[in-house]
1. Tell me which of these Ser224 doesn't satisfy, since it passes every other one: (1) in contact with a Gly (Cβ under 9 Å, 6 or more places away or on another chain); (2) in contact (Cβ under 8 Å) with a residue 24 or more places away in the chain; (3) not acidic (Asp, Glu).
2. Applying the selection to region 419-429, what residues are over 15 Å from Arg388 (Cβ atoms) and in a helix (DSSP H, G or I)?
3. Using the structure shown, decide if Ile196 is without any contact (Cβ under 8 Å) to a residue 12 or more places away in the chain and over 16 Å from Gln494 (Cα atoms).
4. Take the residues in region 395-409 that are out of contact with any Lys or Arg (no Cβ under 9 Å at 6 or more places or on another chain) and of a type outside the set (Val, Ile, Thr), then tell me which one is nearest to His523 (Cα to Cα).
5. Which one is farthest from Thr110 (Cα to Cα), of the residues in region 44-76 that are modelled with pLDDT of 95 or more and surrounded by fewer than 17 Cβ atoms within 10 Å (Cβ to Cβ)?
6. Would you mind listing the helices (runs of 4 or more DSSP H) fully within region 520-638 where at least 2 residues are within 27 Å of Asn189 (Cα to Cα)?
7. If you scan region 430-489, which residues turn out to be among the β-branched types (Val, Ile, Thr), modelled with pLDDT under 90 and not in a helix (DSSP H, G or I)?
Amino acid sequence: MCGIAGFIDFNKKSNKEHIDAMNDTLYHRGPDGGNSIVIENENYIAGLGHRRLAIIDVSTSANQPMQFNHLWITFNGEIYNFQEIKDELIQLDHTFKTQSDTEVILHAFTQWGEKCVDKFIGMFAFVILDTQSQQITCIRDRAGVKPFFYYWHNNVFLYASELKAFHKHPAFVKEINIDAVAAFLQYGNVPTPHCIFKHTFKLKPGHILNLELSNTNTKPITKSYWSVYTAYNSPKVDISFDEAKVKTEAILKSACEYRMVSDVPVGVFLSGGYDSTCVAALLQKDRSTPLKTYTIGVPDIGLNEAPYAKDTAKILGTDHTEVMCTEKEVLEGIYQLPYYYDEPFADSSALPTTLVSKIARKEVTVALSADAGDEVFAGYNRYDYLLRYRNKLANIPSLFRNSAAGLMDIIPSEAIPVLKHKYNFHNRYEKMKGILRNPSEESIMLSLSQQFTDKQLKDYIKPNFQTLQTAYQSRELSKNTFSSLAYMQAIDYQTYLVDDILQKVDRATMTASLEGREPFLDHRVIEWAATLPDAYKYNNGNKKYIVKEIVHQYVPQSTMDRPKMGFAIPIASWLSNELKGLVDSYINEEKITNQGIFHWEAIAELKHNFFKGKKELDYKIWYVLMFQMWYEKWMETT
């Protein structure tokens, strides 16, 4: 895993200093080396930069940017099956100089063109400059594990693994996209393909971008080469559950083993939950050498899965490292978030994820995690809510539903006995209001995904804005294969997974120069899981049913059965106590008024109501705080 950056400047004003400056901002992504090249043409000047974290073929011969004939590449990621592809290419008379997967991409592109991507099992974002055909081709992996940002304005094309690189190029205009601000307040991130800045985008997962270089009137063109809906729109497999379990385990085992391909030490994040236990169990079962597994606990804030992970590690026989951190250590990480998450980002679990990455990096360079198990095999509580309650809610007359929601507007969540102490109750209480008002599948999905409604945003944001078109509005699921569960899973796979989970893990691991690998995001896994009958994934209220049945073969059910924890951060408590000074410093009349983005009166009321006891507003305050901290870092000090 590495960092890439570059430009195509049709104005011919860019130079080597610009690409080096862009590249240097990505040092944390690749501390093992950094190189760049500049190619001049009568129509343009091109710059390709690369920061290297050496994982496969750690010799300098595998450094990038890399050239093969008339092709240049800068590549971030891993092609796990590169050896099989290399063997195929050797049979087609290709010869190789390195043992790297980067060189395999170049030869595969030479042999098959863009169709080469169909052969790749991996995570990747790469740019190939063809000096013969005068074209650049940018490709992002199917699930969107690796980030790819690009900017197109005034005949300059910029690209990078992180937005911060763009700030180092003189052609970049950092003008805020107010539509993206509104989207951030709703989702806690800026949804793909949009960005916080105008003229700036994220390449969609499973997409290719082409830019013709022989024509100065060109513009980037994107197209899809893979879609999760192809799998969800395929007929369900007609096999028994036991047969499905065997095949599912085989596919997961293959995905896990591919992600052990490395020339440097590899470890596994182990929480003791089903997904991470599944990864560790499948990898350990045929190994005589214990896997290195890692768990973090923060007992001060009730975030401590360490005892469960320890029990699981003992049963599986892994070499386990358990690290306890203090609340103070977690809190200190808040001040680094705006730099590493250089677009507004509000998932508070980025804090413990970054901590465990730094701990693992002391012993390994690669760590496997189990993200996407919930999206692929139906593990989220929101799937449970929809399948259990949607029809019941829809049958309640709208008058009663709206009255109940109105009453909840008046009664704060903090006033609800017993439940107010439950994990994430305040946030769920707030979301339930939207579900009561409209219990359709789309409305439930949006209510569970958004913090601010469209109506509320108009009260908070000063300038006029438009609602961004995102994958949340997708209508691609076929009527022939439609189910409420498939609908939510497919939406999550393209939205929450890409823009929250994967962005969080990429930045958190790269902060520590650690490569994160995701077995559940092997495209073969979702292509298979999407065709399984819903009941194999969600069985009479039992979420992730097939994964659990696989895990129970290795770890007793009695050890595994407990409430889902996740990286739960006590946002309401922090904002009311330890972080109250930070809230007052960033969310005050002077700052808000000077920015001209928000209505101070609405923000002031939100703040007042929260501190007066409406703890269900905690995430709204957190989102505003994260935006304000980002704004100071990237709009006021750079």
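The values are calculated or read from the model by the stated rules, or taken from the named source; none is laboratory data. None of these values were measured; they are calculated from a predicted model. Positions of Cβ are generated from backbone atoms using ideal geometry, with glycine treated the same way; all protein chains shown enter the neighbour counts.
1. Every condition holds for Ser224 apart from (2).
2. Leu419, Lys420, His421, Phe425, His426, Asn427, Tyr429
3. Criteria not met by Ile196.
4. The extreme case among them is Asn395.
5. The selected residue is Gln67.
6. Ranges flagged: 523-529, 571-576, 580-586, 589-595, 600-611, 618-631.
7. Thr453
Listed here are the residues, each with its yes/no results for (1) touching a helix residue (DSSP H, G or I) at 6+ places or on another chain (Cβ under 6 Å); (2) free of Cβ contacts under 8 Å to residues at least 24 places away in the same chain; (3) closer than 25 Å to Pro191 by Cβ; (4) of a type in the set (S, T, N, Q).
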residue	(1), (2), (3), (4)
Tyr308	no, no, no, no
Val323	yes, no, no, no
Tyr341	yes, no, yes, no
Ala346	yes, no, yes, no
Thr354	yes, no, yes, yes
Ala367	yes, no, no, no
Asn391	no, yes, no, yes
